[in-house]
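A quick write-up on the structure given underneath.
The values are calculated or read from the model by the stated rules, or taken from the named source; none is laboratory data. All of these numbers come straight from a predicted model, not from anything done at the bench. Here the Cβ positions follow ideal geometry from the backbone for every residue, glycine too, while neighbour counts run over all protein chains shown. Note: accessible area is taken over every heavy atom of the protein model, side chains too, but ligands, DNA and RNA are not part of it. Shrake-Rupley method; radii C 1.70, N 1.55, O 1.52, S 1.80 Å.
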Amino acid sequence: MREFLKNDPAMQRPRVNGWAVWDREFSKRLGARGWVGMNWPKMYGGGERTAFERLVVVEELLAAGAPASAHWIADRQAGPMLLRFGSEAQRAELLPKMAAGECGFCLGMSEPDSGSDLASVSTRATPVDGGWLLNGTKLWTSHAHRAEYMMLFCRSGHSGETEGRHSGVSQFVVDMRTPGLEIRPVYDQVGSHDFNEVTFTDAFVPETALVGEEGAGWRQVMSELALERSGAERFMSSFVLMREAVRALEGSTDPGALRLVGRLTSHLWTLRNMSLSIAGLLQAGASVDLEAALLKDLGAVLEQEIPEVVRLLVDSAPMRASEDALARLLGEAVLLAPTFSLRGGTREVLRNIISRGLGLR
Ligand SMILES: Cc1cc2nc3c(=O)[nH]c(=O)nc-3n(C[C@H](O)[C@H](O)[C@H](O)COP(=O)(O)OP(=O)(O)OC[C@H]3O[C@@H](n4cnc5c(N)ncnc54)[C@H](O)[C@@H]3O)c2cc1C
């Protein structure tokens, strides 16, 4: 795989946070080599490999700063969710395309008034003849304008029916070309268009779009979030920057610099061991909500520290437009780092989950 990555045309410019950079053709090339959906059944286009083997590929992609976003959500969570909760028709239709790197997913969870408190979503699927009518707005939907499908989390049933915070919610696979679905760009502070606002106005989806059991979406989305939080991307998004800084320090005998690099490396190694353990638990079918929250929180702390430490260590200013790799990667990391403790669950929310999981509240 390292040889492939060294020679692939998409790898001329490794990036911080590469797993959030969309390159469909790159994902297709990975799919053709069996590196997407690796641990899915062969009958759905997978490779029937273990969670550990998949982790090796994930780590190599992250270590190289590969642009892997076009298949990342499908591989990490939408595919496993369909395997666990989806219908046979959904699996047969979608998984082979996902494993080929041809079919990308975005996540429709957050809304203008509902982020951390996901149970307060108000987008609704109302039952009608032959399917559902969707109404509402999703926000911060990464790559909605590029993905083929959304994994949508919303209320279901008629408005006003008795429903608790965690009941009466469901998941749907929504084709992004559905009439009544409108995508508007939201530009981030880097100036990139990855986020979107997605509105549904009487958008019809067929009955077959429902994933799993109607009304039981809370349990489903919680297991999806564990997949979203427990991957190596939660502590390796800035790995390319750290490697470049270590290169720049080669031959240094400055004890302060060596101590800082050693500290970051030992933290990285500990998180890697945690991630390996979580992959083992997932392989055994265990629930990993608490472990995933811990890994994501500790990973974000490390990832936000890396650019700060690198700034102390090297004589290079953060500059995204620079031809110098270290200055460019540092520039990317400084701008992106604040998002690491927001996306996939904020620091405070994760710490609430951890303290609850430990029985402290
Ligand atoms: C790079 C990036 C990509 C994203 N991609 C997607 C995507 O593809 N799809 C999607 O659905 N969403 C996406 N999001 C949105 C993300 O999931 C939300 O930003 C996140 O869940 C927080 O929600 P919020 O922004 O509404 O903040 P809020 O929930 O309003 O939180 C605001 C502040 O209040 C704190 N807070 C909230 N509740 C509590 C509490 N109970 N106790 C203590 N403090 C609390 C939070 O920690 C935070 O500091 C993305 C976000 C980022 C940054």
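The residues of segment 280-293 that are open to solvent by 10 Å² or more (accessible area, probe 1.4 Å) and either under 16 Å from the mean Cα position of the chain (by Cα) or within 30 Å of Gly331 (Cβ to Cβ) (or both) amount to a single one, Asp289. The set of residues in segment 268-303 being touching a Phe, Trp or Tyr at 6+ places or on another chain (Cβ under 8 Å) and over 17 Å from Ser341 (Cα atoms) consists of Arg272, Ser275, Leu276, Ala279, Gly280, Gln283. Considering only segment 86-98, state which residues are open to solvent by 30 Å² or more (accessible area, probe 1.4 Å) and not acidic (Asp, Glu). Listed by number, the residues that qualify are Ser87, Ala89, Arg91, Ala92, Pro96, Lys97.
Within segment 306-353, the set of residues being small (Gly, Ala, Ser) and more than 16 Å from the ligand (Cβ to nearest atom) comprises Ser316, Ala317, Ala321, Ser322, Ala325, Ala327, Gly331.
Are there any helices (runs of 4 or more DSSP H) wholly within segment 276-361 with 2 or more residues that are of a type outside the set (Lys, Arg) and within 22 Å of Trp19 (Cα to Cα), and if so which?
Those helices (runs of 4 or more DSSP H) span 289-313, 325-340.
Let's see how each residue does on (1) modelled with pLDDT of 95 or more; (2) away from the ligand (no atom under 16 Å from the Cβ); (3) open to solvent by 20 Å² or more (accessible area, probe 1.4 Å):
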{"site": "Ala100", "(1), (2), (3)": "yes, yes, yes"}
{"site": "Ser114", "(1), (2), (3)": "no, no, no"}
{"site": "Asp117", "(1), (2), (3)": "no, no, yes"}
{"site": "Ser120", "(1), (2), (3)": "no, no, yes"}
{"site": "Thr126", "(1), (2), (3)": "yes, yes, yes"}
{"site": "Met150", "(1), (2), (3)": "yes, no, no"}
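When each of Arg177, Arg219, Arg184 is tested for being assigned to a strand (DSSP E or B) and open to solvent by 50 Å² or more (accessible area, probe 1.4 Å), the lone residue that passes is Arg184.
No other residue among Gly104, Gly130, Gly136 is open to solvent by 10 Å² or more (accessible area, probe 1.4 Å), of a type in the set (Gly, Ala, Ser) and within 14 Å of the ligand (Cβ to nearest atom) apart from Gly136. Among the residues of segment 152-164, is any closer than 28 Å to Glu102 by Cα, surrounded by fewer than 16 Cβ atoms within 10 Å (Cβ to Cβ) and either in contact with a strand residue (DSSP E or B) (Cβ under 9 Å, 6 or more places away or on another chain) or outside the structural domain of Leu342 (by TED's automatic domain parsing) (or both)? Looking through segment 152-164, none of the residues is closer than 28 Å to Glu102 by Cα, surrounded by fewer than 16 Cβ atoms within 10 Å (Cβ to Cβ) and either in contact with a strand residue (DSSP E or B) (Cβ under 9 Å, 6 or more places away or on another chain) or outside the structural domain of Leu342 (by TED's automatic domain parsing) (or both).
Among the residues of segment 70-81, those identified as surrounded by 24 or more Cβ atoms within 10 Å (Cβ to Cβ) and of a type outside the set (A, V, I, L, M) are His71, Trp72, Asp75, Gly79.
For segment 187-216, residues that are open to solvent by less than 40 Å² (accessible area, probe 1.4 Å), modelled with pLDDT of 95 or more and within 16 Å of the ligand (Cβ to nearest atom) total 5.
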